Amino acid sequence: MVSTVQILMSFCLSIVLTSSSQSLVQAQMTKRCMSQPNVSKKVDKVIHECQEEIKMSLIEDAIRVYKEDWHDRKKRSVADEEGFQHPTVVSHEDKWIAGCLMQCVYRKNNAVDKNGWPTLDGLVNLYTDGVSEQGYFMATLRGVDRCLKGTSMKYKVKRNDVADNFEQCNVAFDVFDCISDMITEYCSDQPHHDFH
């Protein structure tokens, strides 16, 4: 299980870092994304703690899921989607594990509120730490705002309610995936990019 988690997180981070390094080459020509954010250092710092937490959570959830009808839950999840999609195609289980790791990373970096939902300020601080470029900051702010609104609508997030593990993990994965795409798009200087 840990090897799947490590592979999935390595895959997610390599996509972001590869895109960032490719974007940095392009950015040298466009003067965008010249400084490297500290987010990968922050993830590396807490990832092992998070893996241990996820192991325990998986065991607890496996017992709970065993008692539920998993098929009905998956149908409900698909039926609840309202047009906000993330392009990453991974299995439901891998998405959930990666999302739980990201939720843990967000929590350990003060990017969630008291109820477990990712916050605008916390995510912007996490993704822009170490970057002094105003354009990058503004693009990240707009991207985080769009991603939080999209995932909140998709999962019908009620910020005053405490999120359960299942919701937190799915939201965290989609937020991470969406923000990564937005930052990559900005750094790539795509002419069609729109953060509205």
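The values are calculated or read from the model by the stated rules, or taken from the named source; none is laboratory data. Because the structure is a prediction, the values reported are computed rather than measured. Here Cβ is always computed from backbone atoms with ideal geometry, including for glycine, and neighbour counts include all displayed protein chains. The protein model used for the area step is the full one, side chains on, heavy atoms only, and it has no ligands, DNA or RNA in it. Shrake-Rupley method; radii C 1.70, N 1.55, O 1.52, S 1.80 Å.
Taking the numbered list (1) among the aliphatic types (A, V, I, L, M); (2) under 14 Å from the mean Cα position of the chain (by Cα); (3) open to solvent by 30 Å² or more (accessible area, probe 1.4 Å) in turn, A172 passes all entries but (3). Considering each of T119, T184 in turn, give the residue that is in contact with a strand residue (DSSP E or B) (Cβ under 9 Å, 6 or more places away or on another chain) and on the phi < 0 side of the Ramachandran plot. Result: T119 is the single residue among T119, T184 that is in contact with a strand residue (DSSP E or B) (Cβ under 9 Å, 6 or more places away or on another chain) and on the phi < 0 side of the Ramachandran plot. Only one of the numbered conditions (1) open to solvent by less than 20 Å² (accessible area, probe 1.4 Å); (2) of a type in the set (F, W, Y); (3) modelled with pLDDT under 70 is violated by Y66, and that is (1). Total residues in region 98-129 satisfying the condition of being over 14 Å from the mean Cα position of the chain (by Cα) and open to solvent by less than 30 Å² (accessible area, probe 1.4 Å): the figure is 2.
Against the definition (open to solvent by less than 30 Å² (accessible area, probe 1.4 Å) and either over 20 Å from I97 (Cβ atoms) or polar (S, T, N, Q) (or both)), how does S132 come out, yes or no? In short, no.
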